[in-house]
1. Count charges around Gly195 for me, please; just the other residues with Cβ under 11 Å from its Cβ, Lys/Arg as +1, Asp/Glu as -1.
2. Put Ser177, Ser231, Ser223 in order of accessible area, largest first, 1.4 Å probe: what do you get?
3. Contour minus end-to-end for Glu124 and Arg26, with contour as 0.36 nm per residue of separation and end-to-end as the Cα-Cα distance?
4. Rank these residues by their accessible area, most exposed first, probe 1.4 Å: Asp143, Asp100, Asp122.
5. Whole Å is fine, so just give me how far the alpha carbon centre of the stretch 166-214 lies from that of the stretch 61-108.
6. Out of every Cα-Cα pair in the stretch 21-98, what percent are more than 22 Å apart?
7. Give the Debye-formula value of log10 I(q)/I(0) at each listed q (0.14, 0.16, 0.21 Å⁻¹), with one equal scatterer per alpha carbon of the stretch 207-278, two decimals each.
8. How long is the stretch 78-163 along each principal axis, judged by its Cα atoms, biggest number first, in Å?
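The values are calculated or read from the model by the stated rules, or taken from the named source; none is laboratory data. For clarity, every value in this text was computed on a predicted model and none was experimentally measured. Please note: Cβ atoms are built from the backbone with ideal geometry, for glycine as well, and neighbour counts cover all protein chains shown. What goes into the accessible areas is simple: the full protein's heavy atoms, side chains included, and nothing from ligands, DNA or RNA. Shrake-Rupley method; radii C 1.70, N 1.55, O 1.52, S 1.80 Å.
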Amino acid sequence: MIRTVRPLLSALALVLTLPASADIARLPTASPVPGGVALVPVPTSQASLKGRPVMVVSAKGTRYAEHAPWLAVVGIDLSTEPGTLALNAGTQTISFEVKDKQYREQRLTIKNKRHVNPEKRDMERIGRERKEMLTALGNWRDDNAPVTRFELPARGPFSSPFGLKRFFNDQPRAPHSGLDIAAPKGAPITAPAPGVVTAAGDYFFNGRNVVLDHGHGLVTMYSHLDRIDVSVGDRVKTGDSLGTIGNSGRVTGPHLHWTVSLNNVRVDPMLFIDPPAK
Ligand SMILES: [Zn+2]
């Protein structure tokens with residue numbers, strides 16, 4: 001008797017111990033604030049915000065599934081005023097609330113004055129590079145498997161959070177658009193998720209710089225590198241080398257400036273990662 005029952009029991013035990021959510025998409029942390037990410041249940045597999053497509057993933061297996069079959073993963077621009085935003089999903093308009101968030105100030109002293117007040121001859125290069133970066137960061141590429149979470153691209157303390165209101169040599173500049181990870185020159189930088197390299201080169205402010213396109217409007221950028229290990233068009237897997245930490249471009253010391261862009265707005269990378277083990 002026992003012989004017939006035991007296999008049944010162990011099969012049952014296996015079913016019970018398998019995570020019921022093995023195939024659940026691991027979503028970004030919902031934070032509907034300027035510079036954050038909103039998770040909005042939608043009735044269709046496509047949605048847009050102000051005419052631009054936003055990432056939509058299956059809501060199956062998530063706590064949003066009872067509200068709708070699909071979930072829009074929406075980046076909210078830092079300059080957004082708190083209030084209501086509206087997504088277009090098919091023939092429907094789906095509204096969601098953006099809450100207020102106050103970011104701290106940061107004052108930095110940059111030794112290279114040209115990096116604070118560029119010379120006339122720098123302006124053409126800066127303009128060209130900004131255009132190139134905005135195109136790369138705002139790109140939309142369909143992909144079979146949307147990326148919604150990241151591994152850490154580098155090991156080291158988080159030296160400057162996303163969103164700081166910045167002053168360079170007491171002059172107001174654009175807010176901090178990424179997360180700074182401090183590490184010694186030469187430390188490895190690896191791909192935090194699968195993606196395609198869409199830019200790799202040397203830039204006035206960003207220094208040696210790589211852009212990875214993860215699809216569905218999710219794009220990441222790696223700035224101030226010492227060495228670049230990839231070329232435009234390369235497909236990378238999680239953990240593949242992108243290059244090494246450096247201090248190229250506008251910096252006060254060696255670190256990785258890591259940018260996460262979603263539907264062409266810069267958002268807080270912390271929403272996509274697990275807190276690093278101490
Ligand atoms: Zn930075």
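1. Local net charge: -1.
2. Ser231, Ser177, Ser223
3. 31.1 nm
4. From most accessible down to least: Asp100, Asp143, Asp122.
5. First find each Cα centre; the distance between them is then 25 Å.
6. Considering the stretch 21-98, 19 percent of its Cα-Cα pairs are separated by more than 22 Å.
7. Here the Debye-derived log intensity ratios amount to -0.48, -0.63, -1.05.
8. For the stretch 78-163, the Cα extents along the three principal axes come out at 52, 32, 30 Å.
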